[in-house]
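Inspection log for the structure reproduced underneath, given as structure tokens.
The values are calculated or read from the model by the stated rules, or taken from the named source; none is laboratory data. Nothing here was measured: the structure is a model prediction, and the numbers come from that model. Side chains are part of the model used for accessible areas, which takes the heavy atoms of the whole protein and leaves out ligands, DNA and RNA. Shrake-Rupley method; radii C 1.70, N 1.55, O 1.52, S 1.80 Å.
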Amino acid sequence: YVAVEARNLARKPRTVDHVHAASVPRAGLTAWQALFDHGKLSQGQTVVIHGAAGAVGSTAVQLARWAGAEVIGTGRSHSRSLVKELGADRFIALDEDRLEDAAGSADVVFDLVGGEVLARSSALLKPGGTLVSVVSWELPADRDDITKVFFIQEAKQVQLTELARLVDAGHLRPQVGGVYPLAQAVEAYSAKAAGGIPGRMVLQP
């Protein structure tokens with residue numbers, strides 16, 4: 001027997017297999033809490049999502065689209081087609097385009113990249129906007145007219161249940177970047193860390 005807190009459990013989405021279902025909880029909770037709990041994103045607002053092709057980023061793009069927001073995704077140029085397919089209105093390739101072209105356009109910026117991209121992110125926000133990061137607690141200090149939030153994802157059963165409902169309703173398509181046996185967890189982590197693999201890596205017993 002395995003004892004698990006109830007807040008960590010929800011029924012599996014009916015319309016996907018176990019591999020795709022396994023890719024939803026952590027990425028889904030992080031994206032949900034960044035956009036809605038901390039970013040307060042609502043219909044008609046604009047959100048910039050850095051790292052939009054990754055596990056959390058691709059989920060955030062779809063959730064923001066479902067919520068009726070205008071979505072601007074960023075990432076490497078090879079991710080453009082995927083991010084647009086998932087629902088982004090615009091894509092800024094960090095290796096080809098100018099991030100500054102989105103200056104002052106966002107109500108929320110969700111950072112999954114950190115470093116220089118995070119440092120340049122406050123300029124993307126409208127006055128009163130919110131910069132949310134799960135990568136670094138050292139947020140830009142160049143503006144005092146925006147809200148800045150660093151957070152760590154929490155387990156919430158009601159959100160897991162809603163994510164499963166959105167999968168079954170066709171609003172959220174789980175992104176699996178690769179499937180590895182548990183014995184090859186190190187190889188899976190290394191492959192993901194090397195970059196270029198969209199979505200979530202899933203380990204199977």
For segment 114-201 the mean separation of alpha carbon contacts under 8 Å (6+ apart) over residue count, i.e. relative contact order in percent, is 20
The long-range amide H neighbours of Ile92, using H built 1.01 Å from N in the peptide plane and a cut-off of under 5 Å, are Gly73, Thr74, Gly75
Expected vector for segment 67-82, Karplus 3J(HN,Hα) from phi with 6.51, -1.76, 1.60 and θ = phi - 60°, integer Hz, x for Gly and Pro, equals 6, x, 8, 7, 10, 10, x, 10, x, 6, 4, 5, 8, 4, 5, 5
The ³J(HN,Hα) series, computed from each phi in segment 97-112 with the Karplus coefficients 6.51, -1.76 and 1.60 at θ = phi - 60°, rounded to the nearest Hz and given as x for glycine or proline, is 9, 9, 4, 5, 5, 9, 4, x, 9, 9, 8, 9, 10, 10, 9, 10
For segment 182-191, in residue order, the Karplus 3J(HN,Hα) values (coefficients 6.51, -1.76, 1.60; θ = phi - 60°; whole Hz; Gly and Pro = x) are 4, 5, 10, 4, 5, 5, 5, 4, 5, 5
Heavy-atom accessible area of segment 28-68 with neighbours in place, 1.4 angstrom probe: carbon+sulfur share in percent works out to 46
In degrees, nearest 10, the alpha-carbon axis of helix 55-66 is tilted away from the dominant principal axis of the alpha carbons of the chain by 70
With every protein chain kept in place and a 1.4 Å probe, segment 11-146 has an accessible area per residue in Å² of 44
Segment 108-169 and segment 50-76 have their Cα centres apart by a whole-number Å value of 12
So the number of lysine pairs in the chain with alpha-carbon atoms under 20 angstrom apart, 8 or more residues apart or on different chains, is 5
Using a 1.4 Å probe on heavy atoms of the protein chains only, the accessible area for Lys84 in Å², nearest 10, reads 100
